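Peer 1: Sharing a structure, written as structure tokens. Questions coming.
The values are calculated or read from the model by the stated rules, or taken from the named source; none is laboratory data. Computed from a prediction, not measured in an experiment: that's the story for all the values here. All Cβ positions, glycine included, derive from the backbone under ideal geometry; neighbour counts span all protein chains shown.
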Amino acid sequence: MYTLLVRRNHGKPFISNDAVLASPDPDLTSKDARKRLSASALKLFFNIVDVWKIRDEDARMLLGGVTNGPYYEMKKKPEVRLLDTDRLQRVSYLVGIFQGAQYSSRARAC
């Protein structure tokens, strides 16, 4: 398996057609890997939430039922939060769905 690297557009992460595949997936059970990925994953998650206009209540459920306090802390300061393996995987799945939806909508436009 490979990790999708995300390009930046005006400082916000997004997935482009020319997104690059990186080396094999990191070990999400490793605290170092989770530290390295958590902030980027949360920023990307909240950008997808904005693009799809997902309500906060639904976004909290997508992250596995996060309560209000931690959710708004993640939203305000994503660089401070260390995600567990489950939440990183949830964000990864959402990114895959987002990428598939982008690809599908571009394919229909052609």
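Peer 1: Failed condition for E73, given (1) under 26 Å from Q102 (Cβ atoms); (2) at pLDDT 95 or above, with all others met?
Peer 2: For E73, the exception is condition (1).
Peer 1: I've got another one for you. For a quick check of your reading of the model, give me the residue pairs whose first member lies in region 53-67 and is surrounded by 13 or more Cβ atoms within 10 Å (Cβ to Cβ), whose second is outside any helix (DSSP H, G or I), with beta-carbon atoms closer than 6 Å and at least 6 apart or on different chains.
Peer 2: R60/V66
Peer 1: Say we look at region 68-79 and pick out the residues that are of a type outside the set (F, W, Y) and assigned to a helix (DSSP H, G or I); which of these is surrounded by the most Cβ atoms within 10 Å (Cβ to Cβ)?
Peer 2: If we take residues in region 68-79 being of a type outside the set (F, W, Y) and assigned to a helix (DSSP H, G or I), then M74 is surrounded by the most Cβ atoms within 10 Å (Cβ to Cβ).
Peer 1: Same structure again: Taking D27 and the conditions (1) touching a Leu at 6+ places or on another chain (Cβ under 9 Å); (2) part of a loop (DSSP other than H, G, I, E, B); (3) without any contact (Cβ under 8 Å) to a residue 12 or more places away in the chain, which numbered condition does it fall short on, given that it satisfies the others?
Peer 2: (1)
Peer 1: Then there is this: Determine which member of the set L82, L88 is in a loop (DSSP other than H, G, I, E, B), hydrophobic (A, V, I, L, M, F, W, C) and either modelled with pLDDT under 95 or surrounded by 11 or more Cβ atoms within 10 Å (Cβ to Cβ) (or both).
Peer 2: Unique residue meeting the criteria: L82.
Peer 1: Something else now. Is it fair to say K43 is part of a helix (DSSP H, G or I), closer than 22 Å to D25 by Cα and among the basic types (K, R)?
Peer 2: Here the answer is yes, as K43 does meet what is asked.
Peer 1: Could you run through region 91-110 and say how many residues are surrounded by 13 or more Cβ atoms within 10 Å (Cβ to Cβ) and without any contact (Cβ under 8 Å) to a residue 24 or more places away in the chain? Spell out the reasoning first.
Peer 2: If we filter region 91-110 for residues that are surrounded by 13 or more Cβ atoms within 10 Å (Cβ to Cβ), which is where we start, we get 91-92, 94-95, 98-99, 101-102.
Now restrict to residues that are without any contact (Cβ under 8 Å) to a residue 24 or more places away in the chain: 101.
Qualifying residue count for the region: 1.
Peer 1: Does T29 meet the test of being at pLDDT 95 or above and loosely packed, with under 13 Cβ neighbours inside 10 Å?
Peer 2: Against the criterion (at pLDDT 95 or above and loosely packed, with under 13 Cβ neighbours inside 10 Å), T29 does not qualify.
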